[in-house]
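Q: This structure is in structure tokens; I'll ask about it shortly.
Only the coordinates and a few stated rules stand behind these numbers; no lab work does. This is a predicted model, so every value here is computed, not measured. Note: ideal-geometry Cβ built from the backbone for every residue, glycine included; neighbour counts use all protein chains shown.
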Amino acid sequence: MRLALRRLLVNPVVTAPSPSAPPDRKQRNAVASYLFVCSGGGHLSELHTLAEQLRIPVEEQFWATPEGGLSRSLLAGREVAALHEAPPRAVVPLLRNVLVGWSLLRRRRFDAVFSTGASPALSILPLAVLRGIPAHYIESAARVDGPSFSGRILAKLPGVATYTQYRSWADARWRFGGAIFENYHVEDVPPQPIRRAVVSVGTQDGYPFSRFFEAVVPLLEGVEVLWQTGMTDVSGLGIEGRPSVPHGELVAAMAEADVVIAHGGVGTALSAIEQGRVPILVPRRLAHGEHVDDHQVQIAARLAESGLAVHAEAGDLSREILEHAASRRVVAAAERPRFVLQTSVPNPRSRWRRLTSLIGGLVPRRARG
């Protein structure tokens with residue numbers, strides 16, 4: 001098995017055509033079907049937006065992602081297969097999702113597979129390649145300076161087309177096809193008193209963000225606040241925190257808020273920007289045990305450079321920063337720009353049958369569908 005996979009990585013491959021836009025359904029004998037694979041949270045929010053930029057109709061979308069409030073809200077009307085929650089770099093859930101993906105790809109026919117990561121991309125995109133299905137990995141907008149751990153692995157696998165959302169580090173392997181934050185500009189609005197606020201730090205387990213709340217709470221005295229606190233214990237801060245908030249309720253509150261203060265997660269930033277708000281982004285820091293790395297620093301800084309966010313460290317937050325963010329609004333273009341796919345994707349079709357047979361022998365019979 002190990003030798004076979006190694007041969008797949010190092011041997012030359014043939015090239016299979018992959019259209020830069022989804023096929024016209026009128027030209028097909030059957031309805032097209034496209035598989036979207038991702039983690040929950042920001043990865044899901046990004047891929048949901050990118051599906052629109054790919055111009056793939058809802059009825060042709062099939063999703064594989066962990067079940068949760070966000071997926072139920074964003075993916076209404078779509079077919080969804082539930083994946084196992086996979087914390088960053090956790091091996092066991094990654095392998096469990098391999099079994100889910102194996103069963104799914106045996107039961108269903110897909111014209112292409114798309115993913116923004118994280119762990120589920122490693123579980124399912126290689127299986128798609130082995131079955132001769134065009135596989136597209138779009139690196140998260142959080143990765144400003146280069147690919148993630150998952151992206152670096154997938155870039156070594158022939159058959160996976162890889163994309164960056166930043167022209168600054170695009171190259172022959174990492175193509176620029178578009179970006180989720182490209183179709184916005186910012187306008188100033190007359191200053192108004194801050195009466196309503198949304199504070200949100202996502203829902204990922206294992207990473208509390210106590211210093212953030214300790215800095216924010218004193219600044220919002222007398223303000224009506226929706227506190228989405230994740231797993232952080234805020235019991236001693238005198239606020240009514242909610243670990244999670246339904247997506248519809250959260251974005252509605254953002255649309256009514258004078259200011260949004262959040263961690264540097266792409267999903268939260270995207271939600272605020274889509275509601276016309278310039279969020280104040282306070283990045284989680286690896287040194288404080290708040291995330292697995294410092295990628296939130298990168299995205300907060302990049303969005304601040306473009307004017308779409310205000311970047312602040314927890315210790316630097318002030319009422320003046322809140323008022324500055326509240327005096328600006330984001331305006332979206334009339335239509336999202338199309339995300340352009342590679343015109344060809346390496347696809348080792350001559351080897352997939354032998355390799356899938358080898359993998360199939362390792363998969364328990366009950367998991368094969």
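Q: Can you work out the Karplus-derived ³J(HN,Hα) for every residue in the range 180-193? Use 6.51 cos²θ - 1.76 cosθ + 1.60 with θ = phi - 60°, whole Hz, and x for glycine or proline.
A: Along the range 180-193, the couplings run 6, 9, 8, 9, 10, 9, 10, 10, 7, 10, x, x, 10, x Hz.
Q: What FRET efficiency comes out for residue 169 versus residue 294 if R0 is 22 angstrom and r is the Cβ-Cβ distance? Round to the nearest 0.05.
A: The computed FRET efficiency comes out at 0.85.
Q: Taking the Cα centre of the range 198-317 as origin, sum charge times position over the Cβ atoms of Lys and Arg (+1) and Asp and Glu (-1), and report the length of that vector in debye to the nearest 20.
A: With Lys and Arg at +1 and Asp and Glu at -1, about 200 debye.
Q: Here's something else I'd like to know. If each of residue 214 and residue 188 carries a label point 7 Å out from its Cα toward its Cβ, how far apart are those two points in nm?
A: Here the answer is 3.7 nm between the modelled labels.
Q: Would you mind ranking 116, 232, 164 by Cβ crowding within 10 Å, fewest neighbours first?
A: Going from least to most buried by this count: 232, 164, 116.
Q: Still on this structure: Under 10 °C and 1.306 mPa s, how fast does the range 184-332 diffuse according to Stokes-Einstein, given a Kirkwood radius computed over C-alpha pairs? Answer in µm²/s, whole number.
A: Using the Kirkwood radius from Cα pairs, D works out to 106 µm²/s.
Q: Can you sort 39, 235 by how many other beta carbons sit within 10 Å, fewest first?
A: Exposure proxy ranking, most exposed first: 235, 39.
Q: Right, next: Rounded, prolate or oblate: pick one for the range 158-241, where a ≥ b ≥ c are the square roots of the eigenvalues of its C-alpha gyration tensor, a/c under 1.5 means rounded, and failing that, prolate if a/b is larger than b/c, else oblate.
A: oblate
Q: Another question about this same structure. With a point put 7 Å past each Cα toward its Cβ, work out how far residue 55 is from residue 79 in nm, to one decimal.
A: 2.4 nm
Q: Next question. Can you check what the net charge comes to around residue 285, using other residues whose Cβ is under 12 Å from the Cβ of residue 285 (Lys, Arg +1; Asp, Glu -1)?
A: Every neighbour counted, the sum reads -2.
Q: Taking R0 as 30 Å, what FRET efficiency do you get between residue 107 and residue 176 from their Cβ-Cβ distance, rounded to the nearest 0.05?
A: Given R0 = 30 Å and the Cβ-Cβ separation, E is 0.30.
Q: Across the range 39-50, in residue order, what do the Karplus-derived ³J(HN,Hα) couplings come to in whole Hz, using 6.51 cos²θ - 1.76 cosθ + 1.60 with θ = phi - 60° and x for Gly and Pro?
A: 6, x, x, x, 4, 5, 4, 4, 5, 4, 5, 5
Q: While we're on this one: Measuring from centroid to centroid over Cα atoms, what is the spacing of the range 150-193 and the range 297-324 in Å?
A: Taking the Cα centre of each part, the range 150-193 and the range 297-324 sit 20 Å apart.
Q: Follow-up question, since we're still on this one. Can you bin the range 233-310 into rounded, prolate or oblate? Criterion: square roots of the alpha carbon gyration tensor eigenvalues sorted a ≥ b ≥ c, rounded for a/c under 1.5, prolate for a/b above b/c, oblate for the rest.
A: Oblate shape, in that a/c is at least 1.5 and b/c is the bigger or equal ratio.
Q: Further, regarding this structure: Using each residue's phi in the range 268-277, evaluate 6.51 cos²θ - 1.76 cosθ + 1.60 at θ = phi - 60° and report the 3J(HN,Hα) Karplus result to the nearest Hz, with x for Gly and Pro.
A: Each residue's phi maps through the Karplus curve to give 5, 4, 4, 4, 5, 5, 5, 8, x, 9 Hz.
Q: Could you list 98, 331 in order of exposure, starting from the residue whose Cβ has the fewest other Cβ atoms within 10 Å?
A: 331, 98
Q: So how do 311-318, 237-244 stack up, highest first, on mean other-Cβ count within 10 Å?
A: Highest-to-lowest ranking by the protection proxy: 311-318, 237-244.
Q: A further question follows. Which cross-chain or sequence-distant (5 or more) residues have an amide H under 5 Å from the amide H of residue 63, H modelled 1.01 Å from N in plane?
A: So residue 63 has HN proximity to 36, 79, 80, 81.
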